[in-house]
Every structure is written in structure tokens, then in C-alpha cells.
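Before anything else, here's the structure in question.
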Amino acid sequence: MEEKSLHAEGQGAARSSLSPAKQGSSNKPATASPVPYDATRHSAPRSLGKEERLSRDILLDKLFSEGKSVSQNGFTLVYLECALPTFYPAQAAFSVPKKHFKHATDRNRIKRLLRESYRHEKPELYVKLAAANKQLALMLICKGKEVPAHAIVQKNVSELIVKLLSRIIK
């Protein structure tokens, strides 16, 4: 225990021995307010990166307590218009209840299908949300009884996003 604290003190001393010019410099830019979304800024618009996924417990709790929903053939899209800690117009999460799908492999497959379908519909959603200057927290849920085919998931997610946009953007 004492060795670790001595080692940490030694590192602190090594850091303080750097010149003042090097101490304050870092490769990361200073964090400022979120930059508006620009579709041309990303080389892979059909990817689904870490910052585009909804993972904060506070936002998830708020999404389910205050959010609204749209349903379509066993699929539900819960959404909440709120300020997000990213410049993307939307953050999404995906869920498949254990109550309906007992096997983890089935749940994982459906979540993969949901992510893939959302990823293909995302560019249109982002452009329309950015034009309306809105940010959304989204949760896609599959409540069916059987593992759906890819074409069915794609069709339903597309229709859910169209319904969502018709409600949000007037």
C-alpha cells in the first residue's frame, strides 16, 4: 500500500518537473458548447458510434417517465425531445424484453436487426431533426412473440421513424 502511494508521489514530482509550456498543453481541444450537427463532417454516415447511443441512466429514466411513444406491428419507439450531451440530433438505445424472448441469442439477434435498421434510416432522421434544430432521445423496443425477419424489422423501423417525424416536425 505504501509502495503505491510513494510511486504516485514520484509520478507527481516527475510531472511537475516539466516545463510550464508543456504542462498546460494537450492534444485535446478545449470542450465548448455542442457544435450543430453537420452531415458532411462524418465520413461514415451509416455507422452508429458511441456518442450516438443513449447510455446515461438519467436520460433513460427521463425517457420512460416523460417520453411519448409510437407503435407499429409489435415494435415501439419511445422518444423524448431534450438537450443531449452531444452534437448529434439523436441518441438511440435498443431493447428486447426477456419476458417475450427467453433466449439471449434471440434477444441479441433482434437487437442487431434493430440497430442495423435504425442505422440505415438515421441519415434522413438526422437531416430533418437538424433542420428543425431539435434533439431526441430514442428507445426502440421489439415486443413481438417471434424473432422477426430482417425485412420486417427494416419496414417497421422505417415506418416508426416516419410516424415520429410527422409528430415532431410540423
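The values are calculated or read from the model by the stated rules, or taken from the named source; none is laboratory data. Treat the numbers as computed from the prediction; the structure is a model and nothing was measured. Heads up, the Cβs are rebuilt from the backbone with ideal geometry, glycines too, and the neighbour counts pull from every protein chain shown.
Where residues in segment 115-156 are part of a loop (DSSP other than H, G, I, E, B) and either within 16 Å of ALA92 (Cα to Cα) or of a type in the set (Val, Ile, Thr) (or both), which of them is modelled with the highest pLDDT?
By that ranking, first place goes to VAL147.
Residues being hydrophobic (A, V, I, L, M, F, W, C) and closer than 11 Å to SER117 by Cβ: count how many of those fall in segment 137-170. Full working, then the answer.
Of all residues in segment 137-170, those hydrophobic (A, V, I, L, M, F, W, C) come to 137-142, 147, 149, 151-153, 157, 160-162, 164-165, 168-169.
Next, only the ones that are closer than 11 Å to SER117 by Cβ stay: 140, 142, 151-153, 157, 160-161.
The total comes to 8.
Hey, any hits in segment 87-109 for a residue that's assigned to a helix (DSSP H, G or I), surrounded by 15 or more Cβ atoms within 10 Å (Cβ to Cβ) and among the aromatic types (Phe, Trp, Tyr)?
No.
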